[in-house]
Each structure stands twice: as C-alpha cells, then as structure tokens.
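Read through the structure below, which is laid out as structure tokens, and then see the notes.
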Amino acid sequence: MVALVSQENVVALVSRTGRELQRYRKGRRQVVGCIPYRYKIEEKSGLGELEVLVISSQKGKGMLFPKGGWELDESKKEAALRETIEEAGVRGIVGGKLGKWSFKSKTHDTFYEGYMFPLLVEEQLEFWPEQNVRQRTWMSVSEARQVCQHWWMKEALDRLVNRLTSQKLVGRQTNQVLSCIPPPHAQLPNLTHL
C-alpha cells in the first residue's frame with residue numbers, strides 16, 4: 001500500500017546552506033525575514049493581545065526575528081517563509097512587505113539589504129530544522145523591542161504594530177458604517193408625504 005502525503009504539511013528537517021544561490025545587489029547580500037505574530041486571547045475580556053515570536057541568535061548573543069538569505073530560485077515572500085520555518089518552526093500567512101533596510105553586519109565587514117514581512121502564525125511545528133540551535137519565545141511587543149538586537153528589526157516591528165493598529169481602526173469604522181445601513185429587507189419609512 002502506498003500512502004500519499006501532501007507537500008503542504010511536509011517540512012524538510014535540514015536548513016538550506018551555502019551561498020551559491022544567494023542574491024546580491026550592488027555588492028550587498030539580500031536577506032529576508034518575517035515577524036511572526038498572533039493574538040493571545042484573554043479569557044476574562046475575550047480581547048486579543050498582540051504577541052510576536054523571537055528566536056535566539058545561533059551565536060547565542062541576543063534575540064531577533066527569523067531572517068536569512070534570499071536565493072535565486074524563490075520570491076522574497078517564499079524566502080521569508082522558508083527562513084521562518086527553518087529558524088522558528090512556524091508557518092502561516094505572509095503579509096505585504098514592511099520595508100527595506102540597509103545595514104552593516106555586526107560580525108562581517110559587509111553590507112546587507114534586508115526585507116521584512118509580517119507572518120500571521122497559523123501553525124507552530126513540533127519539529128523544525130534549527131530546533132537544536134535556537135530557542136523560540138512568544139512575547140509582548142514591548143518585550144520584543146527590548147530584547148531584539150537589530151535596530152532595523154525594531155523599526156520593522158514598529159511598522160507592523162502601526163499597520164495592525166490602523167487595520168483595526170479601519171475595521172471598527174467599517175463596522176460602524178455598516179451598522180448604520182439598514183439590511184436589504186428592512187422596511188424604510190415612506191417619505192413621499194413630507
């Protein structure tokens with residue numbers, strides 16, 4: 001008997017390595033990453049508090065968001081999702097780009113261009129490629145700002161929070177407008193006799 005397994009649910013337990021497929025632009029290595037987030041629902045209030053997932057650096061010096069090299073055979077979003085699965089063991093919905101940053105490596109004398117995306121987490125994997133070399137921790141936005149070691153990732157986090165806040169406000173305004181519109185079957189008053 002042969003069992004078919006959907007490729008959607010399969011995760012390679014080995015990270016991509018090597019630099020032969022890495023993208024460079026004007027001598028700068030191209031890196032992509034995600035800020036994984038979710039809403040932790042409070043039992044008492046039923047409201048969701050925004051949480052983000054940070055991971056430990058491989059060198060053990062601080063925390064950061066998952067990121068890595070953008071390779072020639074993938075889109076930015078595909079690379080960002082791959083890196084997030086490899087380093088943090090989560091997957092979900094990748095949103096629109098939060099921005100592009102130019103920065104110098106702390107350990108190498110090279111410059112990078114980094115792109116960050118939001119990732120609404122739908123699944124947290126039990127096993128992932130870098131589980132033996134990284135710790136992952138869910139925390140509040142303010143905690144993540146304090147522990148994140150890269151200034152550009154902190155800026156990306158601020159942009160994510162601003163985007164989610166403005167989406168929430170637009171959603172509330174839309175709901176207020178929609179609540180003022182009578183349903184199609186509602187009986188409207190006859191105004192012809194005024």
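The values are calculated or read from the model by the stated rules, or taken from the named source; none is laboratory data. Not measured: the values here are computed from a predicted model. Counting neighbours? That spans all protein chains shown, and the Cβs are built from the backbone with ideal geometry, glycine included. The protein model used for the area step is the full one, side chains on, heavy atoms only, and it has no ligands, DNA or RNA in it. Shrake-Rupley method; radii C 1.70, N 1.55, O 1.52, S 1.80 Å.
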If E74 satisfies every condition in (1) in contact with a helix residue (DSSP H, G or I) (Cβ under 8 Å, 6 or more places away or on another chain); (2) closer than 21 Å to K154 by Cα but one, which is the exception? (2)
Tell me which residues, restricted to the range 125-171, are of a type in the set (K, R) and either farther than 22 Å from Q58 by Cβ or out of contact with any helix residue (DSSP H, G or I) (no Cβ under 7 Å at 6 or more places or on another chain) (or both). R159, R163, K168
Is one or more of the residues making up the range 39-59 within 18 Å of P129 (Cα to Cα), modelled with pLDDT under 90 and out of contact with any helix residue (DSSP H, G or I) (no Cβ under 9 Å at 6 or more places or on another chain)? yes
Of the residues in the range 83-114, how many are closer than 20 Å to V133 by Cα, among the basic types (K, R) and modelled with pLDDT of 95 or more? 1
Going through (1) at pLDDT 80 or above; (2) farther than 23 Å from T137 by Cβ one by one, T17 fails only at (1)
Strands (runs of 3 or more DSSP E) wholly inside the range 50-127 containing at least 3 residues that are open to solvent by 10 Å² or more (accessible area, probe 1.4 Å): 90-94, 99-104, 111-124
